[in-house]
């Protein structure tokens, strides 16, 4: 595109200057327009140029840990397409290189860059994900997964040509954090995407990335392989936009050539590889979402069962006491009566401090609650605008969401001789009715618990069949809980299946799993 000494102002690209202080090279920011997208897609869409439908269209997904140089790599890709030469002393950007820094704050925004460059033989869509393993926690990574699910259902990104795993070439060993990150990336995709996954090693000096490849092998990353059954990878340096230094001119030229040689190999890979639809990946992400919902509901049911069991035991004790009082004719005594009182929720609750409670039935319908829900009609326990949990199945407007829950308490009241006999008889009848109702409620809760346990198990089974990584940390975080519940419902064979998944993951996953569970 450009020859040595060519005036960058003649480049047929709309631009704004963002020069370094030294002005060497001169940096240009391509003016991208931000297109409005469907709110359900939850992604930013940036476009440059107008699409030429006669050109082939390549779609690539960039995934990598913060600090690996993913942003610089995207800009290098643009300069390669524009055929920028080092002697041109210019550098074009669509993103800010400074965002590569580990200290830079990141969000869960997934950005789609549609690049229609006249100088390029292909139209290019780059899907840029934020860095995994950020200090804002795994909830941020889960949001990225859900945004990719939404994006995969859109008409424009129905297939992927390449999934680029951006990895620091200086990597020598895997920390628990890095194991988590590699696992989180792999667990997003279906098995059919493996041949389209390619490794892009950054911060390379051009040497064989032996240690980094060993780290990839230890992480059991599935990717495209060459004729020698070795991972397909390309090497890149990250200093193309740095000021030129005559003292280091030779090494800078070598590193420039290294990156552009790597980019040439990558685009050759893009030309040869067949694109892959995201149908199976959609299924994987949907199963992940379903498993998470089932586990959340199951834990809620377990809490409700435990609460009902305590209420039943306490009510049975009350009944026995009333019967003894009647037998002993203790018509004047202090008796215990139950009542409901609101108390603060546990501030250390892992999921949320908020509970959805019925103000009519005075019951805790959903705790821990849906922290993201603004309108209680959207709460997962609501169906057709009515609660499916509280006794009277009340309308959602009779419910509140707050950091308080109902707790059954007792207090003593003194009764006179004249009233106690009839009250004891009435209480015995009422308590017996209450016991019957509690027993019926427990039976229904147990039935629903069995249903949720089996559904969760089937989600894991499905992920085993379709997911690129069958023993991902996403699944392992729920394994022990599900094994325990399968035993409780007398499903030992299914419990054994999950034990084998856990065993297959090996001890290497244990540290990464602990990292995943941290509340950082």
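Restricting attention to the range 235-255, does a residue exist that is more than 29 Å from the chain's Cα centre (by Cα), assigned to a helix (DSSP H, G or I) and touching a residue at least 60 places away in the same chain (Cβ under 8 Å)?
Checking the range 235-255: at least one residue is more than 29 Å from the chain's Cα centre (by Cα), assigned to a helix (DSSP H, G or I) and touching a residue at least 60 places away in the same chain (Cβ under 8 Å).
Every residue in the range 60-76 that is closer than 17 Å to residue 48 by Cα and touching a strand residue (DSSP E or B) at 6+ places or on another chain (Cβ under 7 Å), please.
60, 74, 75
Which of the residues belonging to the range 493-510 are modelled with pLDDT under 90 and touching a helix residue (DSSP H, G or I) at 6+ places or on another chain (Cβ under 8 Å)?
Listed by number, the residues that qualify are 501, 502, 505, 508, 509.
Please work out which residue is farthest from residue 258 (Cα to Cα), limiting yourself to the range 215-231 and to residues that are without any contact (Cβ under 8 Å) to a residue 40 or more places away in the chain and either in a helix (DSSP H, G or I) or touching a strand residue (DSSP E or B) at 6+ places or on another chain (Cβ under 9 Å) (or both).
Only one residue tops the list, namely 217.
Within the range 382-393, is there a residue that is free of Cβ contacts under 8 Å to residues at least 40 places away in the same chain, surrounded by 20 or more Cβ atoms within 10 Å (Cβ to Cβ) and either under 26 Å from the mean Cα position of the chain (by Cα) or over 16 Å from residue 300 (Cβ atoms) (or both)?
Scanning the range 382-393, I find at least one residue that is free of Cβ contacts under 8 Å to residues at least 40 places away in the same chain, surrounded by 20 or more Cβ atoms within 10 Å (Cβ to Cβ) and either under 26 Å from the mean Cα position of the chain (by Cα) or over 16 Å from residue 300 (Cβ atoms) (or both), so the answer is yes.
Taking residue 297 as the residue in question, decide whether it is in contact with a helix residue (DSSP H, G or I) (Cβ under 8 Å, 6 or more places away or on another chain) and farther than 20 Å from residue 465 by Cβ.
Here the answer is yes, as residue 297 does meet what is asked.
Which of the residues that make up the range 53-91 are within 16 Å of residue 200 (Cα to Cα), crowded, with 21+ Cβ neighbours inside 10 Å and either touching a helix residue (DSSP H, G or I) at 6+ places or on another chain (Cβ under 6 Å) or at pLDDT below 85 (or both)?
62, 63, 64, 65, 66, 68, 69, 71, 72, 76
Could you look through the range 171-186, keep only residues that are touching a strand residue (DSSP E or B) at 6+ places or on another chain (Cβ under 9 Å) and surrounded by fewer than 23 Cβ atoms within 10 Å (Cβ to Cβ), and pick out the one that is modelled with the highest pLDDT? Let's see the steps before the verdict.
So in the range 171-186, the residues touching a strand residue (DSSP E or B) at 6+ places or on another chain (Cβ under 9 Å) come out as 171, 177-178, 180-182, 184-186.
Add one more test, that the residue is surrounded by fewer than 23 Cβ atoms within 10 Å (Cβ to Cβ), and what stays is 171, 177-178.
Values: 171: 80, 177: 74, 178: 73.
Across the range 171-186, the extreme among qualifying residues is 171.
Considering each of 291, 298, 312, 258 in turn, give the residue that is surrounded by 16 or more Cβ atoms within 10 Å (Cβ to Cβ), touching a strand residue (DSSP E or B) at 6+ places or on another chain (Cβ under 9 Å), assigned to a helix (DSSP H, G or I) and touching a residue at least 24 places away in the same chain (Cβ under 8 Å). Don't jump to the end; show me each part of the working.
Working: 291 fails: touching a strand residue (DSSP E or B) at 6+ places or on another chain (Cβ under 9 Å); 298 fails: touching a strand residue (DSSP E or B) at 6+ places or on another chain (Cβ under 9 Å); 312 fails: touching a strand residue (DSSP E or B) at 6+ places or on another chain (Cβ under 9 Å).
Among 291, 298, 312, 258, only 258 is surrounded by 16 or more Cβ atoms within 10 Å (Cβ to Cβ), touching a strand residue (DSSP E or B) at 6+ places or on another chain (Cβ under 9 Å), assigned to a helix (DSSP H, G or I) and touching a residue at least 24 places away in the same chain (Cβ under 8 Å).
For the range 385-432, which residues satisfy the criterion of being at pLDDT 90 or above, out of contact with any helix residue (DSSP H, G or I) (no Cβ under 6 Å at 6 or more places or on another chain) and not in a strand (DSSP E or B)?
Scanning the range 385-432 gives 388, 389, 390, 391, 392, 393, 394, 397, 398.
May I ask you to say which residue of 442, 452 is in a helix (DSSP H, G or I), more than 30 Å from residue 188 (Cα to Cα) and modelled with pLDDT of 90 or more?
Answer to the check: 442.
Determine whether residue 151 is within 22 Å of residue 286 (Cα to Cα), modelled with pLDDT under 80 and surrounded by 20 or more Cβ atoms within 10 Å (Cβ to Cβ).
yes
Considering the range 315-333 alone, what residues qualify as being modelled with pLDDT under 75 and either part of a loop (DSSP other than H, G, I, E, B) or surrounded by fewer than 16 Cβ atoms within 10 Å (Cβ to Cβ) (or both)?
We begin by selecting, within the range 315-333, every residue modelled with pLDDT under 75; these are 325-333.
Listed by number, the residues that qualify are 327, 328, 329, 330, 331, 332, 333.
Could you please find all residues in the range 442-488 being free of Cβ contacts under 8 Å to residues at least 24 places away in the same chain and either within 22 Å of residue 365 (Cα to Cα) or in contact with a helix residue (DSSP H, G or I) (Cβ under 6 Å, 6 or more places away or on another chain) (or both)?
443, 444, 447, 451, 479, 483, 487
The values are calculated or read from the model by the stated rules, or taken from the named source; none is laboratory data. Note that this is a predicted model, so its numbers are computed, not measured. Quick reminder, even Gly has a Cβ in these numbers, built from the backbone with ideal geometry, and neighbours come from all protein chains shown.
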